[in-house]
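Working notes, structure below.
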Amino acid sequence: SSIFNNINFNNIKLDNVDIVDVIFNNSDLSNQVFDNKLLSRVVFNNCKLLGTSFVNSNLKDIKFNNSNCKYINLFSSSLTNIEIIDSTFNETEFIKTNLKDIDFSSCNIERIIFDIDSLKGIKINVLQASDIVRLLEVQIK
């Protein structure tokens, strides 16, 4: 497998490649476009993925560890065996994306964008549940 340490990909476009057997450590992959791509056996450790797009992509055996994933777009993506630890997914789009069995309980998911079907089976903590209920415009007394 390939390992990238402390790489800023802001001036490098990765939009024409599938990413398989790669570890990114302390790297900046913000605003990359991985639409219609395969990402398999990939680890993001302490990475910045602000605004990265994974539209209609296949993500399999992926680990996000202590990464900033704000504003990423996972519209209509397939997620299989995803592990997420202490990462931020604020304002991330999960429309037409099955989140069943994905554990976000150690993450920040404020103002996520989702459809009801995508949330079925998601694993969250009690505080996150109240945030999601508010996004559904339910009033809590």
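The values are calculated or read from the model by the stated rules, or taken from the named source; none is laboratory data. Since the model is a prediction, treat every value here as computed from it, not as a measurement. Counting neighbours? That spans all protein chains shown, and the Cβs are built from the backbone with ideal geometry, glycine included. The area values use the complete protein model at the heavy-atom level, side chains included, leaving out ligands, DNA and RNA. Shrake-Rupley method; radii C 1.70, N 1.55, O 1.52, S 1.80 Å.
Brief remarks on what is shown
- For the range 72-120, fraction of C-alpha pairs farther apart than 13 Å, in %: 55 percent
- Normalising the average separation of contacting C-alpha pairs (under 8 angstrom, six or more residues apart) by the number of residues puts the relative contact order of the range 62-141 at 25 percent.
- Cα-based helix-to-principal-axis angle, 126-135 vs the chain, degrees rounded to 10: 80 degrees
- Entry note, the chain: the mean residue ellipticity at 222 nm calculated from DSSP H runs of n ≥ 4, each adding -39500 (n - 2.57), is -2500 deg cm²/dmol after division by the residues and rounding to the nearest 500.
- When each of LYS13/LYS100; LYS48/LYS100; LYS60/LYS120; LYS37/LYS120 is checked by Cα-Cα distance, pairs over 22 Å: LYS13/LYS100; LYS48/LYS100; LYS37/LYS120
- Of all DSSP beta bridges confined to the chain, the antiparallel ones make up roughly 0%.
- Percent RCO, i.e. relative contact order, over the chain, from Cα pairs under 8 Å lying at least 6 residues apart: 14 percent
- Under 14 Å, Cβ to Cβ, from LYS60 - net charge with Lys/Arg +1 and Asp/Glu -1: -2
- Solvent exposure of the chain as accessible area per residue, Å², 1.4 Å probe: 54 Å²
- Solvent-accessible area, 1.4 Å probe, carbon plus sulfur percent, for the chain: 47 percent
- Distribution of pairwise C-alpha distances over the range 2-44, 5 Å bins, in %: 6, 23, 28, 35, 7, 0
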